[in-house]
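Novice: Provided herewith is a single structure, encoded as structure tokens, for subsequent inquiry.
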Amino acid sequence: MKKVLVPFWLPDHIKERYKGKIDIISHPDPMGVYSEKEILERVADVHGLVGKANKTIIAAGKNLEGICSFGSGYDAIDIEYAGIKGIKVSNAPDGTTAVTAELTITLLLTLTRRIKNQSLLITKNRRCKSGGGYFALSFDDAMPAASVYGKQLGIIGFGKIGKAVAKRALGMDMKIKYFDIYRASPEVENQYQAGYMDFDELLATSDYITLNCLYSAENHHLMNDETLAKMKPGAFLINAARGPLVDEQALVRALKQKHLAGAALDVFENEPEIFDELIDMDEVLLTPHIGTQTYDARCEMATDVLDNLVSILNGEDIPTIVNREYLTK
């Protein structure tokens with residue numbers, strides 16, 4: 001039976017599902033993840049691998065036939081080198097869609113209503129301290145709370161997650177605009193009540209910008225000094241996609257200059273490190289890369305990934321192969 005290395009723990013009911021199909025080697029500790037060194041010690045003997053795979057890991061995987069990213073993004077896999085070695089690489093985007101869209105909307109609302117700050121205020125004062133007069137700021141002058149209804153949400157990347165964000169934002173009476181290198185059909189635009197704008201126009205007119213695109217070398221630092229300056233004054237930036245899409249130092253400058261009102265980030269440019277000044281900014285909301293971190297979502301993602309690898313190891317073609325152009329065998 002062919003072996004698949006999963007560098008993290010899996011619930012028993014997931015492993016039971018694949019008995020007789022593949023032999024799963026996973027981490028024994030529910031909180032554990034194999035290090036690169038530990039993966040290198042195990043990968044030579046397996047046929048399938050889940051998760052990150054650089055050139056060193058791929059070269060060590062002498063029997064590898066398939067690699068699957070744990071989610072939609074695959075920038076942590078050297079897909080070109082894998083293809084040259086005849087190894088099929090797939091992604092598993094379906095399980096990430098709804099839960100990442102949920103977090104995007106959660107970040108947007110938590111940031112703009114200043115939930116973190118208000119909660120900390122109660123903890124500090126040990127009581128519910130009123131903001132005072134009707135038009136007084138809640139407790140400081142860093143950033144007044146803002147509403148979202150009637151405001152324009154600019155979505156960069158109108159794939160599955162971008163559309164799921166639009167669907168949820170419509171329920172809050174937001175105006176939906178988007179940019180993508182591939183424009184959606186009129187039927188899809190009508191379904192999501194979404195209007196297409198070019199990139200610069202979207203930045204200039206949106207009250208909220210959310211990044212929902214894949215990361216690639218071409219869009220490294222998509223949001224930089226120049227593009228952040230093009231955003232509407234007083235706008236908010238939300239990133240639950242990939243950290244290197246945003247130049248964190250440029251973001252700090254835009255916030256310090258009060259050009260942007262606030263930012264919410266679930267991903268970071270140099271994870272696990274975070275630019276120090278971001279951590280200390282009152283108008284910034286940070287979460288530790290939890291876009292898909294619910295039990296239900298992780299179980300769905302695990303089955304999607306393992307289903308893909310079973311198909312690849314059985315010699316079947318699947319639509320989620322992402323390195324076809326590099327495959328030589």
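No lab work stands behind these numbers, since they all come straight from the coordinates. This one's a predicted model, so the numbers in the text were calculated from it and none came from an experiment. Please note: Cβ atoms are built from the backbone with ideal geometry, for glycine as well, and neighbour counts cover all protein chains shown.
Novice: Restricting attention to region 177-210, which residues are closer than 27 Å to ALA254 by Cα, of a type in the set (S, T, N, Q) and not in a strand (DSSP E or B)?
Specialist: Correct list: THR205, SER206.
Novice: Report whether or not GLY51 is under 17 Å from ASP304 (Cβ atoms) and not aliphatic (A, V, I, L, M).
Specialist: In short, yes.
Novice: Sticking with this structure for a sec: Considering only region 59-70, state which residues are surrounded by fewer than 22 Cβ atoms within 10 Å (Cβ to Cβ) and either farther than 16 Å from ILE25 by Cβ or not polar (S, T, N, Q) (or both).
Specialist: Across region 59-70, the qualifying residues are ALA59, ALA60, LYS62, GLU65.
Novice: While we're here: In region 43-97, what residues are closer than 20 Å to PRO319 by Cα, polar (S, T, N, Q) and over 16 Å from the mean Cα position of the chain (by Cα)?
Specialist: Across region 43-97, the qualifying residue is only SER90.
Novice: Count, please, the residues in region 155-193 that happen to be within 15 Å of LEU214 (Cβ to Cβ), surrounded by fewer than 18 Cβ atoms within 10 Å (Cβ to Cβ) and among the small types (Gly, Ala, Ser).
Specialist: Count: 1.
Novice: Continuing with this model, one more query. Could you grab me the full set of residues in region 147-170 that are more than 16 Å from the chain's Cα centre (by Cα), more than 15 Å from LEU237 (Cα to Cα) and of a type in the set (Lys, Arg)?
Specialist: LYS167, ARG168
Residues are listed down the side, and each one gets a yes or a no for (1) aliphatic (A, V, I, L, M); (2) in contact with a strand residue (DSSP E or B) (Cβ under 6 Å, 6 or more places away or on another chain); (3) in contact (Cβ under 8 Å) with a residue 60 or more places away in the chain; (4) more than 24 Å from VAL99 (Cα to Cα):
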residue	(1), (2), (3), (4)
GLY162	no, yes, no, no
LYS167	no, no, yes, no
GLY171	no, no, no, no
MET197	yes, yes, no, yes
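Rundown of residues vs (1) surrounded by 16 or more Cβ atoms within 10 Å (Cβ to Cβ); (2) touching a Lys or Arg at 6+ places or on another chain (Cβ under 6 Å); (3) not β-branched (Val, Ile, Thr), yes/no style:
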{"site": "ILE274", "(1), (2), (3)": "yes, no, no"}
{"site": "LEU278", "(1), (2), (3)": "yes, no, yes"}
{"site": "GLU283", "(1), (2), (3)": "yes, no, yes"}
{"site": "GLN293", "(1), (2), (3)": "no, no, yes"}
{"site": "ASP307", "(1), (2), (3)": "yes, no, yes"}
{"site": "SER311", "(1), (2), (3)": "yes, no, yes"}
